[in-house]
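Read the structure below first, then the notes.
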Amino acid sequence: MASNDGKSLFTLEDFRLRAKEVLSPEAWAFYDDASGRRVTYRDSSAAFDRYVIRPRILCDVSKRSLSTSVLGQPISMPICVGPTSNHRFAHPDAEVATAKGVADANTIFTLSSASNVSIAEVGRSSGRGLRWMQVYLVKNRQHNVHIVREAERAGFTALVVTIDLPLIGDRTFSKKHTVGRYYDDPTLRPVNLAIDLPEVNTAIRSGDTNLRQYASAQWERPMTWDDIQWLKSITKLPVVLKGILTGEAAREAADAGVSGIIVSAHGGRHIDGIPAPIDVLSEVVSAVKGQGLEVYLDGGVRSGTDVLKALALGARAVFIGKPVLWGLACDGAAGVTTVLSIIRREFDVALGITGCTSPRDIPASLVTHKSRL
């Protein structure tokens, strides 16, 4: 891990290249993993280039504001942090450092239920920072009840349910390279699953490899809409579904009464050949227009112009993952804040140059697909 060198890094690409240098090969393999031929993984970012900006001109953009709100919560910019796991691969303070860095940027941090740090510890350490809790609806519902109650006690304000993982995908690269520490180091334990159950205690006594095998078996569970209704019945927190890529699924989500949906391909980590999220964003937004739920985008965002394009196509906000891990690896909490500030600055410049003064001032006509030119 590099120390205090984030100030010498000026772009997200700088952070990516430095992170690849300072992370162990095992850690880089885990963070950069994808399924199949990695087509969806690559296309999630490349797809933004298929959309072009049509700037408005001679507009007074001297006074700009990037602030917005999600689910009624004010944030400094429409750029939030999505759930990723095993932050201790990047920094010894793991998700505690990430949460602090995001809180300093005054936006939302989404904690993975597979984090290396407990929900309660992240809640204590991130102060008044806004926090959402990611949930896998696992086989044993006692785990889900535990995670929901811990999130409620720790001041998390929404639940993000990952719905696109009924089976663990085939990630050959990860299987070849993610060995050793990932399986055997207790500091990488998925602590939020380590609750007092006989089968969990047996797995812990048998070693961390066995606990990870138990966790993987719990995650591999087909879900139905009945599970979403069950989750809603045990909490008053708003529920957001992550992993929707079609208008049909979006309408089903609206019918289920959820508060938001995240258009996401899970980073291409578990199945290849599905669409880049930006390519289906308009379809999803149109499908739930007037239904009272918010639509966000997660996948491939690497610049401020990417943010601008996503908002013009109907997203309320975007969520980023890998760039935050790069920042964490390079400079801990400060690196996370710097990565977010870089994207914020780029978005602010893109907003002004295209004749807009706020996220609410971005018209749909500002962006079009290249094929329409």
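Okay, here's what the table says:
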{"read-out": "Residue in region 301-308 that is open to solvent by 40 Å² or more (accessible area, probe 1.4 Å), among the small types (Gly, Ala, Ser) and not in a loop (DSSP other than H, G, I, E, B) present", "value": "no"}
{"read-out": "Hits in region 259-283 - residues which are open to solvent by 10 Å² or more (accessible area, probe 1.4 Å) and either part of a loop (DSSP other than H, G, I, E, B) or polar (S, T, N, Q) (or both)", "value": "Ser259, Arg269, His270, Ile271, Asp272, Gly273, Ile274, Pro275, Ser282"}
{"read-out": "Flag if Ser113 is buried (at least 16 other Cβ atoms within 10 Å of the Cβ) and in contact with a helix residue (DSSP H, G or I) (Cβ under 9 Å, 6 or more places away or on another chain)", "value": "yes"}
{"read-out": "Among (1) modelled with pLDDT under 70; (2) out of contact with any Gly (no Cβ under 9 Å at 6 or more places or on another chain); (3) among the charged types (D, E, K, R) - the single one Asp170 does not satisfy", "value": "(2)"}
{"read-out": "All positions within region 75-110 that are of a type in the set (Val, Ile, Thr) and open to solvent by less than 10 Å² (accessible area, probe 1.4 Å)", "value": "Ile75, Ile79, Val81, Thr98, Val102, Thr107, Ile108, Thr110"}
{"read-out": "Those residues of region 128-157 which are under 17 Å from Cys80 (Cβ atoms), open to solvent by 20 Å² or more (accessible area, probe 1.4 Å) and in contact with a Lys or Arg (Cβ under 8 Å, 6 or more places away or on another chain), in sequence order", "value": "Gly155, Thr157"}
{"read-out": "From Gly314, Gly243, Gly257, Gly247, residue being on the phi < 0 side of the Ramachandran plot and modelled with pLDDT of 95 or more", "value": "Gly247"}
{"read-out": "The one condition in (1) farther than 16 Å from Ala315 by Cβ; (2) part of a helix (DSSP H, G or I) that Phe48 fails to fulfil", "value": "(1)"}
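The values are calculated or read from the model by the stated rules, or taken from the named source; none is laboratory data. No experiment lies behind these values; they were computed from the predicted model shown. Cβ atoms come from the backbone with ideal geometry, glycine included; neighbour counts cover every protein chain shown. Heavy atoms of the whole protein, side chains included, go into the accessibility calculation; ligands, DNA and RNA do not. Shrake-Rupley method; radii C 1.70, N 1.55, O 1.52, S 1.80 Å.
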